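Here is the structure we will look at, set down as structure tokens.
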Amino acid sequence: MAGPAPAVAASAAASQSPPMQLPSPFAELVKGSSGLEKIVLRGARNCCAEIYLYGGQVTSWKNDNGEELLFLSSKAIFKPPKAIRGGIPICFPQFGTHGNLEQHGFARNRFWTIDNNPPPLPVNPAIKAYVDLILKPSEEDLKIWPHSFEFRLRVSLGPSGDLSLTSRIRNTNTDGRPFSYTFAYHTYFSVSDISEVRVEGLETMDYLDNLKAKERFTEQGDAIVFESEVDKVYLAAPSKIAIIDHEKKRTFVVTKEGLPDAVVWNPWDKKAKAMQDFGDAEYKSMLCVEPAAVERPITLKPGEEWKGRLVLSAVPSSYCSGQLDPSEVLQG
Ligand SMILES: O=P(O)(O)OC[C@H]1O[C@@H](O)[C@H](O)[C@@H](O)[C@@H]1O
């Protein structure tokens, strides 16, 4: 385990606002790209993760060997109001174009703050590196989405390097009104070569195809492979999904709770070229698999709280075609 980092970061102390305390000695607040503040979590061995206060967005997750496991575009723009291209943007209170708000909602381009006194969460005592963030709507936000909420996000690194994100969203409306939202952890995985990647766990699932006016289809055949642009919302997807990177001999296991759906997205070459903050060839080295609640919005009455959790682990896979036992990866 890395040595304790200072609880109060110099960058915060230097500013006019009160210094932000970090309760975990394995978390440190530092300046990141374009001077935006980020929290660095240091786990066992060389595992670490980085989270920007801008967007409450994880932008890096590294394993024991210091290898980056998430994709972050070399052209990512760290300048509000642009959302950071890569890592794990949080889509709230709207996923995609499923509503009248801007694409993927506004949580990904707001400044979150450190939450020093979150309501208790059942915790694994072995988890030492974590941070709690909070987002509340500003006056401006209330004009575009007239609901009062508290969105608490805990990001933690487990003893074996697993990355977990727990979101708690509470309706704090005082006028008695419920609200509804859609949500996604828009997770960008780093892969060696998209044409060598398979996704297991989504076979035979129904999906909405964003490339075909959100029409509903049923996935056929074997594991999912990639040969062209993909933008699908798998409905009622299983709680574990495996992303098998043949070339890297690495399998990501995505575990989700409270999030029925899973979006799979790769822009492929034409869309890649059209995105200002994405390299032309970067579609080859990324894949988004996004635990989500899209088809059925979540509704909260005042005082009610929803919880949605994502746990990512990266395990070595000695995969070669046909020899992987999906039950081992998905249930193990
Ligand atoms: O460019 P953005 O707003 O970050 O969105 C990227 C993609 O995000 C995916 O989740 C959507 O399904 C796609 O339709 C969208 O293109």
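Throughout, read-outs are computed from the coordinates displayed, never taken from laboratory work. Nothing here was measured: the structure is a model prediction, and the numbers come from that model. Here the Cβ is made from the backbone with ideal geometry for all residues, glycine too, and neighbour counts use every protein chain on show.
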**Report entry** Value of D in µm² per second that Stokes-Einstein yields for segment 10-331, Kirkwood Rh from Cα pairs, at 20 °C (1.002 mPa s)
**Finding:** 107
Query raised in the report: Quick one: if you stick a label point 7 Å off each Cα along the C-beta vector at Arg296 and Asn100, how many nm between them?
Result: 2.6
Requested in this report: Within segment 258-323, report the GluC sites (Glu not before Pro) that DSSP leaves as loop and that have at most 14 other Cβ atoms within 10 Å.
Outcome: Glu304
Report summary line: Those GluC sites (Glu not before Pro) from segment 203-271 that are DSSP loop and have at most 16 other Cβ neighbours within 10 Å turn out to be Glu203, Glu219, Glu227, Glu229, Glu247
Query raised in the report: Could you put Phe151, Phe111 in order, starting from the residue whose Cβ has the fewest other Cβ atoms within 10 Å?
Result: Phe111, Phe151
Report task. For segment 196-289, state the semi-axes of the equivalent ellipsoid (square roots of 5 times the eigenvalues of the alpha-carbon gyration tensor), sorted largest first and rounded to whole angstrom. Result -> 21, 17, 12
